[in-house]
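A quick write-up on the structure given underneath.
The values are calculated or read from the model by the stated rules, or taken from the named source; none is laboratory data. Small disclaimer: the values here were computed from a predicted structure and weren't measured. Every residue, glycine as well, gets a Cβ built from its backbone with ideal geometry; the counts of neighbours run over all protein chains shown. Side chains are part of the model used for accessible areas, which takes the heavy atoms of the whole protein and leaves out ligands, DNA and RNA. Shrake-Rupley method; radii C 1.70, N 1.55, O 1.52, S 1.80 Å.
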Amino acid sequence: MNALDEKIVRATQAGLPLTAEPYAEIAKELGVSEQELLSRLQAMLADGRIRRIGAVPNHYALGYAANAMSVWNVADAAIDRLGAAVGALAFVSHCYRRPRRLPDWPYNLFAMVHGRNRAETQRHVEAIKEVLGDALNGFDTLYSLRILKKTGLRF
Amino acid sequence: MDELERRIVNGLQGGFPLCPRPYAAAARALGLAEKELIERIGKLLSEGTLTRFGPMFDAERLGGAFTLCAMSVPQGEFERVARLVNAHPEVAHNYERAHRFNLWFVLAAAERTRLSKVIQAIEAETGYAVLDLPREREYFVELKLSA
């Protein structure tokens with residue numbers, strides 16, 4: 001990543017200014033033209049370094065109190081197709097393939113699931129189970145009990 | 001949160017425009033004035049409904065190395081082990097979860113070799129094994145938490 005992109009990440013990771021021309025303000029701070037800043041942001045959005053631009057809600061403030069990491073043992077031949085299907089479900093916020101660590105850890109698909117209460121989250125887990133069908137060889141649901149540290153990823 | 005704020009939270013989780021007057025453009029799409037949108041976003045941020053408003057970066061694609069780690073720690077040892085783990089600056093998030101594997105944390109460093117060193121250090125300091133579960137693939141997720 002070039003030096004300007006790194007500066008843009010640092011200048012925007014805490015959020016955009018709440019002013020009518022936020023990009024002009026950041027561009028001025030960085031000593032580049034607004035057009036250059038906009039085209040760098042566009043490039044980062046296109047290659048996935050920026051996932052999206054907008055509001056980042058606090059799950060708990062929206063009433064999503066039952067947040068669980070659901071973990072699934074999915075047949076290797078089917079995982080990429082089914083992982084994409086699970087990622088598309090409305091209540092899944094992150095969906096990753098990770099390695100199994102046998103014998104302790106047989107699960108290779110991770111899906112973060114959000115519900116207003118455990119009953120709702122359980123229904124979401126059941127819906128994932130249906131999507132996975134015959135390719136599923138076991139699963140577990142790990143509710144979060146406590147945040148022990150949250151520093152965020154800073155550059 | 002009123003109806004208008006609900007519309008803002010639901011409608012602006014992505015797609016904020018890259019143009020000179022983005023709030024004006026986004027406000028038009030939501031049927032409100034630029035000034036009103038800016039004020040409401042400020043309110044949602046200050047009351048904690050939104051944690052941030054702006055670009056959301058994919059830390060892994062920006063460079064650097066990350067992994068998710070899990071440990072199975074007996075209850076009586078849990079607080080001690082959590083303190084030892086948290087003391088490492090590479091530990092970005094750490095959660096207690098209801099499971100045999102009850103301690104889950106994300107490690108972030110400039111290079112993969114550094115992650116392995118931190119994992120070895122944590123195992124040596126705590127006396128418990130660490131499962132190293134790096135992301136192999138991310139499945140596309142559309143953002144859609146509804147308020």
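The set of residues in the range B:75-99 being facing another protein chain (nearest Cβ under 7 Å) and not aromatic (F, W, Y) consists of B:A82, B:N86, B:V91, B:A92, B:H93, B:N94, B:E96, B:R97, B:A98, B:H99.
Filter the range B:122-135 for residues that are in a helix (DSSP H, G or I) and either hydroxyl-bearing (S, T, Y) or open to solvent by 30 Å² or more (accessible area, probe 1.4 Å) (or both) and give the result.
Listed by number, the residues that qualify are B:E123, B:A124, B:E125, B:T126.
Would you tally the residues in the range B:109-132 being of a type in the set (A, V, I, L, M, F, W, C) and touching a Lys or Arg at 6+ places or on another chain (Cβ under 9 Å)?
Here is the first cut: in the range B:109-132, the residues of a type in the set (A, V, I, L, M, F, W, C) are B:109-110, B:115, B:118-119, B:121-122, B:124, B:129-131.
Narrowing further to those that are touching a Lys or Arg at 6+ places or on another chain (Cβ under 9 Å): B:109, B:131.
Of the residues in that region, 2 qualify.
Would you be able to say whether some residue in the range A:6-14 is open to solvent by 60 Å² or more (accessible area, probe 1.4 Å), within 8 Å of chain B (Cβ to nearest Cβ), of a type outside the set (A, V, I, L, M) and out of contact with any His (no Cβ under 6 Å at 6 or more places or on another chain)? No: zero hits.
Scanning the range B:17-37 for residues that are within 8 Å of chain A (Cβ to nearest Cβ) and buried (at least 20 other Cβ atoms within 10 Å of the Cβ) turns up B:P22, B:Y23.
When A:A84, A:A46, A:A90, A:A111 are checked against the criterion of being of a type in the set (G, A, S) and touching a helix residue (DSSP H, G or I) at 6+ places or on another chain (Cβ under 8 Å), A:A111 stands alone in meeting it. Go through the residues of the range B:108-120 one by one and say whether even a single one is touching a helix residue (DSSP H, G or I) at 6+ places or on another chain (Cβ under 6 Å), outside the structural domain of B:I8 (by TED's automatic domain parsing) and in contact (Cβ under 8 Å) with a residue 12 or more places away in the chain. Taking every residue of the range B:108-120 in turn, at least one turns out to be touching a helix residue (DSSP H, G or I) at 6+ places or on another chain (Cβ under 6 Å), outside the structural domain of B:I8 (by TED's automatic domain parsing) and in contact (Cβ under 8 Å) with a residue 12 or more places away in the chain.
Looking at the range B:36-51, is at least one residue in contact with an Asp or Glu (Cβ under 6 Å, 6 or more places away or on another chain) and under 21 Å from A:R51 (Cα atoms)? The answer is no, given that none of the residues of the range B:36-51 is in contact with an Asp or Glu (Cβ under 6 Å, 6 or more places away or on another chain) and under 21 Å from A:R51 (Cα atoms).
Condition check for A:M1 on (1) at pLDDT below 95; (2) more than 8 Å from every other protein chain (Cβ to nearest Cβ); (3) farther than 30 Å from B:R6 by Cβ: one failure, at (2).
Whenever a residue of the range A:43-64 is closer than 12 Å to B:G48 by Cβ, its partners that are surrounded by fewer than 17 Cβ atoms within 10 Å (Cβ to Cβ) and of a type in the set (S, T, Y), lying with C-beta atoms within less than 7 angstrom and at least six residues away or across chains, give the pairs A:V56/B:T51; A:N58/B:T51.
Out of B:L107, B:L45, I need the residue that is more than 10 Å from chain A (Cβ to nearest Cβ) and buried (at least 17 other Cβ atoms within 10 Å of the Cβ). Which one?
Numbers: B:L45 fails: more than 10 Å from chain A (Cβ to nearest Cβ).
Checking each option against the conditions leaves just B:L107.
The residue that is modelled with the lowest pLDDT, among those in the range A:85-104 that are open to solvent by less than 50 Å² (accessible area, probe 1.4 Å) and within 7 Å of chain B (Cβ to nearest Cβ), is A:S93. Of all the listed residues (B:P55, B:P74), the sole one being at pLDDT 95 or above and within 30 Å of B:E5 (Cβ to Cβ) is B:P55.
Go through the range A:70-107 and give me each residue that's touching a residue at least 60 places away in the same chain (Cβ under 8 Å) and closer than 24 Å to B:V130 by Cβ. Outline the logic, then answer.
Of all residues in the range A:70-107, those touching a residue at least 60 places away in the same chain (Cβ under 8 Å) come to A:70-75.
Within the range A:70-107, A:S70, A:V71, A:W72, A:N73, A:V74 meet the criteria.
Hey, does the range B:62-76 have a residue that's within 30 Å of B:R21 (Cβ to Cβ) and without any contact (Cβ under 8 Å) to a residue 40 or more places away in the chain? I'd like the intermediate steps shown before the answer.
Looking only at the range B:62-76, we keep the residues that are within 30 Å of B:R21 (Cβ to Cβ), and these are B:62.
Keeping just the survivors that are without any contact (Cβ under 8 Å) to a residue 40 or more places away in the chain gives B:62.
There is at least one residue in the range B:62-76 that is within 30 Å of B:R21 (Cβ to Cβ) and without any contact (Cβ under 8 Å) to a residue 40 or more places away in the chain.
Scanning the range A:62-81 for residues that are surrounded by fewer than 21 Cβ atoms within 10 Å (Cβ to Cβ) and over 14 Å from the mean Cα position of the chain (by Cα) turns up A:L62, A:G63, A:A65, A:A66, A:N73, A:A75, A:D76, A:A77, A:A78, A:D80, A:R81.
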